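Visitor: What follows is a single structure, and I will ask about it in a moment.
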Amino acid sequence: GAATGLALILVPAALARLLGGYAPAPLALVAADPLGIAAAGVQATGISALPGIAFLLPALLVAAFGEELLLRGAMLRLWAPTLGARGAVVFTAFLFAAMHLGNPGATVLGHVGVLLAGVALGLLAWQSGSLLLTTGAHLGWNVAESMVLGLPVSGQSMPSLLRWVPAETPLARGLLGGPFGPEEGLLFHGALTVAVLALLIRGGLARRAGASG
């Protein structure tokens, strides 16, 4: 699960970096705050970020598991008998997006990305029956963008090993997102859409195999 979440961010981000869409953040934007909680919103980067990462990583794990337990563990199974499996997946994805409405820098495109992530996580949970798998995917996504690449997570900046920023062009901003994070970037919408389609195809193949068996 964690490998899936990491790949959904790192693969398109690496491609964008090769094509010049991302660049390392200017040194003026990198703080040496040992806990990675700078008042101005600029977080520790590189070696100085390691204490902050160790401090915040368990919090990210707890947050990911709590959201998965509520939405994909309880709400998905509660509404599936009424709405059907796919209806419940979509319903809980909208709830997931609604939970992020108050985040800093929230945009319509940002919530489209969160909604797509919610659909992918819902399908993964329904097909696998494993909250650990969906928690891993959720955590891997957040860690990749926040603590590996230094990008915002739904508007929140965190300590990171690297610190990338999108190029100062409208195209880069549209494809890669802005202050809200990659969730508002069309490139990552595409990656999530591919993940959703792959899960739908996998689910369809599994049902046909079960019927023929």
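The values are calculated or read from the model by the stated rules, or taken from the named source; none is laboratory data. No experiment lies behind these values; they were computed from the predicted model shown. All Cβ positions, even for glycine, are placed from backbone atoms using ideal geometry, and neighbour counts span all protein chains on display. The protein model used for the area step is the full one, side chains on, heavy atoms only, and it has no ligands, DNA or RNA in it. Shrake-Rupley method; radii C 1.70, N 1.55, O 1.52, S 1.80 Å.
Visitor: Looking at the stretch 31-38, is at least one residue more than 18 Å from Ser160 (Cβ to Cβ) and either over 21 Å from the mean Cα position of the chain (by Cα) or modelled with pLDDT of 95 or more (or both)?
Guide: Within the stretch 31-38, the subset more than 18 Å from Ser160 (Cβ to Cβ) is none.
No: zero hits.
Visitor: Can you give me the number of residues within the stretch 143-172 that are polar (S, T, N, Q) and open to solvent by 40 Å² or more (accessible area, probe 1.4 Å)?
Guide: Start the filter on the stretch 143-172 by keeping residues that are polar (S, T, N, Q), which leaves 146, 154, 156-157, 160, 169.
Next, from what is left, pick out any that are open to solvent by 40 Å² or more (accessible area, probe 1.4 Å): 156-157, 169.
Here the count works out to 3.
Visitor: Is it the case, given these coordinates, that Leu123 is part of a helix (DSSP H, G or I) and either among the charged types (D, E, K, R) or surrounded by 21 or more Cβ atoms within 10 Å (Cβ to Cβ) (or both)? So that I can check it myself, show each step before the final result.
Guide: On the way: part of a helix (DSSP H, G or I): yes; either among the charged types (D, E, K, R) or surrounded by 21 or more Cβ atoms within 10 Å (Cβ to Cβ) (or both): yes.
The answer is yes for Leu123.
Visitor: Would you call Leu175 assigned to a helix (DSSP H, G or I), over 24 Å from Leu123 (Cα atoms), open to solvent by 30 Å² or more (accessible area, probe 1.4 Å) and at pLDDT 90 or above? Write out each step before concluding.
Guide: Working: assigned to a helix (DSSP H, G or I): yes; over 24 Å from Leu123 (Cα atoms): yes; open to solvent by 30 Å² or more (accessible area, probe 1.4 Å): yes; at pLDDT 90 or above: yes.
So Leu175 passes the test.
Visitor: In addition: Can you find a residue in the stretch 67-82 that is crowded, with 17+ Cβ neighbours inside 10 Å, over 20 Å from His138 (Cα atoms) and either at pLDDT below 85 or of a type in the set (Gly, Ala, Ser) (or both)?
Guide: Here is the first cut: in the stretch 67-82, the ones crowded, with 17+ Cβ neighbours inside 10 Å are 67-68, 71-73, 75-76, 79-80.
Okay, now just the ones that are also over 20 Å from His138 (Cα atoms), so 79-80.
If we keep only those that are either at pLDDT below 85 or of a type in the set (Gly, Ala, Ser) (or both) as well, we get 80.
Among the residues of the stretch 67-82, at least one is crowded, with 17+ Cβ neighbours inside 10 Å, over 20 Å from His138 (Cα atoms) and either at pLDDT below 85 or of a type in the set (Gly, Ala, Ser) (or both), which makes the answer yes.
Visitor: Still on this structure, please answer the following. Residues of the stretch 3-23 being open to solvent by 80 Å² or more (accessible area, probe 1.4 Å) and assigned to a helix (DSSP H, G or I), which ones?
Guide: Val11, Leu15, Arg17, Leu18
Visitor: Only one of (1) at pLDDT below 95; (2) farther than 23 Å from Leu19 by Cβ; (3) within 13 Å of the chain's Cα centre (by Cα); (4) hydroxyl-bearing (Ser, Thr, Tyr) fails for Ser146. Which number is that?
Guide: Among (1) at pLDDT below 95; (2) farther than 23 Å from Leu19 by Cβ; (3) within 13 Å of the chain's Cα centre (by Cα); (4) hydroxyl-bearing (Ser, Thr, Tyr), the lone unmet condition for Ser146 is (2).
Visitor: A further question follows. Quick one: would you say Val62 is in a helix (DSSP H, G or I), in contact (Cβ under 8 Å) with a residue 40 or more places away in the chain, open to solvent by 50 Å² or more (accessible area, probe 1.4 Å) and closer than 21 Å to Gly181 by Cα? Give the steps one after another, and end with the answer.
Guide: Numbers: in a helix (DSSP H, G or I): yes; in contact (Cβ under 8 Å) with a residue 40 or more places away in the chain: no; open to solvent by 50 Å² or more (accessible area, probe 1.4 Å): yes; closer than 21 Å to Gly181 by Cα: yes.
The answer is no for Val62.
Visitor: Kindly indicate which of Ala144, Ala88, Ala80 is out of contact with any Phe, Trp or Tyr (no Cβ under 7 Å at 6 or more places or on another chain) and more than 22 Å from Trp164 (Cα to Cα).
Guide: Details: Ala144 fails: more than 22 Å from Trp164 (Cα to Cα); Ala88 fails: out of contact with any Phe, Trp or Tyr (no Cβ under 7 Å at 6 or more places or on another chain).
Of the residues listed, the single one that is out of contact with any Phe, Trp or Tyr (no Cβ under 7 Å at 6 or more places or on another chain) and more than 22 Å from Trp164 (Cα to Cα) is Ala80.
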